[in-house]
Amino acid sequence: SVARSLGLLPELGQGDVASALLWQPGELEPARYLPQGPDAQDFPFWLRVRSLPVLAQTSKYEDDEPYEELKIPMARLFLNGSGADGEARMAVAAVARNYLGSVAFFIRNATAKGHEWRHHGLPPGRAPGLGLASSMAYNATKFAFMAGSEPTTEEERLRFWREEARVLLPTFLDDALAGRLEASRMSELPPEEGPSTAAADGRIRKLVGRTCRALVQDSPGEALVEAFDEWRRDHRWRTLRLDLLAPMLARFNITVYRLDLSYNECPSDGLPTISAGYSGYYFVPRTAKQRGKKFQKLKKLDPPFEKVLAFVEKHTELRPRPNISALLPELESAAAAVERVERLRHTASDKRTWIAAAVVGAA
């Protein structure tokens, strides 16, 4: 009663019993712990939530541990030093206080944490952006919130975070937490050329997370997809052979695609992921969804190209069935020729380096 008479305690509603009052630095009004009523919480959880900064700047795993212990969804605001960073920070801070105990918010450096915003489905060059994850697990359900679905200018991003985000962000969070949103997927920007309607030019097409479902369900022609990540052990060897194989398969109107799993993730009804460090191959029939067909997966990872060719030959619907396996000698001959030229080029380069070093030494 003395503290209240001095103005140190707020007035409580009739029947309220405040077991604890917590003042955050710089705040005039304290948070009240009410052990009764519809919003009652476990006191240790209530205290942990309110003892952490509402929108902290974190950079390493140790910084995240206090938030992980809350076992609630994590919202990462990715900033990159642009002019819109300040507006994004203020917009998220204003909304975050309404989600204490439901979502933990913190700030990440988008330049230093590129793999994180990619995993949340934020495309390159789209910061500031917010990524929401159901937990800190690598396979947690994730959602992305940003200024529009297409690349935007700095001025558009500034206006978005200053005005629209303050209205849209609560709806985004509520819908994501309630399971009303489709999870976002890690994806690069789709290539400007769009899906190929024919394999006539023999070039390898780039497949990204956003176009994966469209290819698997509605490819206008048959396709071979190679999926890999940046850690695969024989990257150069496989890259060369697939580059050479693409124009050979084009003779049969089969298009070849590459899917880099380091930067792209297909939806659950698209292509499944593969183990890190390996390459996997899929055969996609034309207009699969319309005709009730499904893609086929080569069971063996890192297969020799003899098996890749046999896999394509087995699943193509071309009739009469072409002898695609017969392409192997031509493929290996072309690969050997390219590798021989590269060896000669490196040898010549090494000789020039040696001569240059000898001249400098003599001088």
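The values are calculated or read from the model by the stated rules, or taken from the named source; none is laboratory data. Keep in mind it's a predicted model, so treat the numbers as computed, not measured. Note: ideal-geometry Cβ built from the backbone for every residue, glycine included; neighbour counts use all protein chains shown. Accessible surface is based on the protein model in full, side chains and every heavy atom, while ligands, DNA and RNA are left aside. Shrake-Rupley method; radii C 1.70, N 1.55, O 1.52, S 1.80 Å.
Could you run through the range 166-181 and say how many residues are more than 13 Å from Ala75 (Cβ to Cβ) and either among the hydrophobic types (A, V, I, L, M, F, W, C) or in contact with a Cys (Cβ under 6 Å, 6 or more places away or on another chain) (or both)?
Going through the range 166-181 one residue at a time, the tally reaches 4.
Please state which of the following conditions Phe160 fails to meet, knowing it meets all the rest: (1) open to solvent by 40 Å² or more (accessible area, probe 1.4 Å); (2) touching a residue at least 12 places away in the same chain (Cβ under 8 Å); (3) over 21 Å from Pro267 (Cα atoms).
For Phe160, the failing item is (1).
State yes or no: is Ile254 among the β-branched types (Val, Ile, Thr) and in contact with a helix residue (DSSP H, G or I) (Cβ under 6 Å, 6 or more places away or on another chain)?
No, not satisfied.
Given (1) more than 20 Å from the chain's Cα centre (by Cα); (2) at pLDDT below 90; (3) surrounded by fewer than 22 Cβ atoms within 10 Å (Cβ to Cβ), identify the lone condition not met by Leu189.
(1)
Only residues that are assigned to a strand (DSSP E or B) and either among the polar types (S, T, N, Q) or closer than 16 Å to Arg238 by Cα (or both): list them for the range 267-309, please.
Kept after step one, since they are assigned to a strand (DSSP E or B), are these residues of the range 267-309: 279-284, 296-297.
Ser279, Gly280, Tyr281, Tyr282, Gln296 - these are the residues of the range 267-309 that are assigned to a strand (DSSP E or B) and either among the polar types (S, T, N, Q) or closer than 16 Å to Arg238 by Cα (or both).
So for the range 156-171 (the condition being part of a loop (DSSP other than H, G, I, E, B), modelled with pLDDT of 90 or more and closer than 21 Å to Asp85 by Cα), does at least one residue qualify?
The answer is no; no qualifying residue exists.
Tell me which residues, restricted to the range 239-252, are in contact (Cβ under 8 Å) with a residue 60 or more places away in the chain and surrounded by fewer than 21 Cβ atoms within 10 Å (Cβ to Cβ).
Within the range 239-252, Leu240, Arg241, Leu244, Met248, Phe252 meet the criteria.
If we scan the range 132-145, do we find a residue that is among the β-branched types (Val, Ile, Thr), within 25 Å of Glu62 (Cα to Cα) and modelled with pLDDT under 90?
Within the range 132-145, one or more residues are among the β-branched types (Val, Ile, Thr), within 25 Å of Glu62 (Cα to Cα) and modelled with pLDDT under 90.
Can you pull out every residue in the range 211-238 that is surrounded by fewer than 19 Cβ atoms within 10 Å (Cβ to Cβ), in a loop (DSSP other than H, G, I, E, B) and under 18 Å from the mean Cα position of the chain (by Cα)?
Once the filter is applied, which keeps residues that are surrounded by fewer than 19 Cβ atoms within 10 Å (Cβ to Cβ), in a loop (DSSP other than H, G, I, E, B) and under 18 Å from the mean Cα position of the chain (by Cα), the range 211-238 yields Glu230, Trp231.
Determine, yes or no, whether Glu87 is surrounded by fewer than 22 Cβ atoms within 10 Å (Cβ to Cβ), touching a Leu at 6+ places or on another chain (Cβ under 7 Å) and more than 25 Å from Gly209 (Cα to Cα).
For Glu87, the condition - surrounded by fewer than 22 Cβ atoms within 10 Å (Cβ to Cβ), touching a Leu at 6+ places or on another chain (Cβ under 7 Å) and more than 25 Å from Gly209 (Cα to Cα) - is met.
Of everything in the range 253-278 that's over 22 Å from Pro190 (Cβ atoms) and polar (S, T, N, Q), which residue is surrounded by the fewest Cβ atoms within 10 Å (Cβ to Cβ)?
Keep residues of the range 253-278 that are over 22 Å from Pro190 (Cβ atoms), which gives 253, 275-278.
Those left that are additionally polar (S, T, N, Q): 253, 275.
Values: Asn253: 15, Ser275: 10.
Per the criteria, the residue is Ser275.
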